[in-house]
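The values are calculated or read from the model by the stated rules, or taken from the named source; none is laboratory data. None of these values were measured; they are calculated from a predicted model. As a convention, Cβ positions derive from the backbone with ideal geometry for all residues, glycine included, and neighbour counts pool all protein chains shown. Heavy atoms of the whole protein, side chains included, go into the accessibility calculation; ligands, DNA and RNA do not. Shrake-Rupley method; radii C 1.70, N 1.55, O 1.52, S 1.80 Å.
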Amino acid sequence: MSQELALTLVALLCSSCVMMAALVPFTAEVIAPSKTMREHRRRLRRFGAPGALAEKLLPWLLDGGSPLRVWGALYAFAWLGLLITFGALIRDSEPKDLVNNLVVVTVIVGAWWSVQFVVVILSRVLIRVNDPTRQRALQPRTAEMAALEMPGLENAPSGENVASSAPPGRFASIPTFVFWGGVLLVVAAINGMVDKVPLFGDVDAFFHERQGLFLRVAISFTAAGALAFLGGIVSMIISSGCPMTKEEIERLHAQLMAAPHAGIARGARYRLVGEQVGAEAVDEFSMVAMKCAWNAGLWWSVPLWRRRFLMTGGAFALLCGVAGLAIVLSSLGYKLLATACVVYVFVRTALAFRRAG
């Protein structure tokens, strides 16, 4: 290892440590700025050991400044060091790897800032939902408003009646595991014959030659679907979210932590340190109600149904994007498997929507 590379790695390590130390205080100040540095120090001590260490390392000479500006300057300085270090590593890479390394660094930096942006937005939404003034001003939804959002649904057939009167589905006589077992057998057969059948080789070469174009399309669908679905969730929390208490948040956290380790975590207790804020929102609707809203034109004119259709469309776009990535990057047999999954979901959903109501 050369001396220049060693210095670059040391600079990368130092910049990363400074950035991680400033990450939580800076993000907390962006979400909810402290009025004074004294208040900010009290907030840091509530974040447990990392916050207490950051509070000790924060010089008392800075007590007259703004906590957001102090941590923002430190965070920006750390990121400047990281970008300079990444630039040095990319500059010293092989010419054939230059573009790939630049793309990797751009994706990592973009993903980091995107996740941090989402965390800030969601946290501000949760704080807004937990605002006592909003809770006092939020009036319960009246029957007239509910009727405006779902006109005609009171006369719509129930789910039981629809299910009993609907004709049998296309796959009703074929067990699902037999259908997918056949698909898996076809996938295995195609994977074994790619080199022997010229048609399979031509199809595989077609996707390989246009891999860049297909990847851009799949990534665009994935990003658009994720944004639409996340936007629908944020809208639902803002419109109908209910605040969660500290005990409810800790109980939910314990359930999430215990789910993958049910046997080990049965007697565990979880306690969260620092600031906690949470909200819960529930929304459910039937395919019959969705079709009635579509026929009545509510999917665009009523915010409730606009959000529901936005989340549904985002979920389908996200499914298509993820399946598209599998289709582009996998072998021919697995391309068929991913295509079959998407077609199966769309066909079953379309049939259910057609038979509803």
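Go through segment 335-357 and give me each residue that's under 18 Å from L184 (Cβ atoms) and among the hydrophobic types (A, V, I, L, M, F, W, C). Once the filter is applied, which keeps residues that are under 18 Å from L184 (Cβ atoms) and among the hydrophobic types (A, V, I, L, M, F, W, C), segment 335-357 yields L336, L337, A338, A340, C341, V342, V343, V345.
Among the candidates A73, A88, A111, which residue alone is open to solvent by less than 70 Å² (accessible area, probe 1.4 Å) and either aromatic (F, W, Y) or under 16 Å from P25 (Cα atoms) (or both)?
Numbers: A88 fails: either aromatic (F, W, Y) or under 16 Å from P25 (Cα atoms) (or both); A111 fails: either aromatic (F, W, Y) or under 16 Å from P25 (Cα atoms) (or both).
Just a single option satisfies the conditions, and that option is A73.
Of the helices (runs of 4 or more DSSP H) lying entirely inside segment 264-357, the ones with 2 or more residues being of a type in the set (S, T, N, Q) and at pLDDT 85 or above are found at 332-355.
Does R124 count as among the charged types (D, E, K, R), within 27 Å of L227 (Cα to Cα), at pLDDT 80 or above and surrounded by 11 or more Cβ atoms within 10 Å (Cβ to Cβ)? Answer is yes for this residue.
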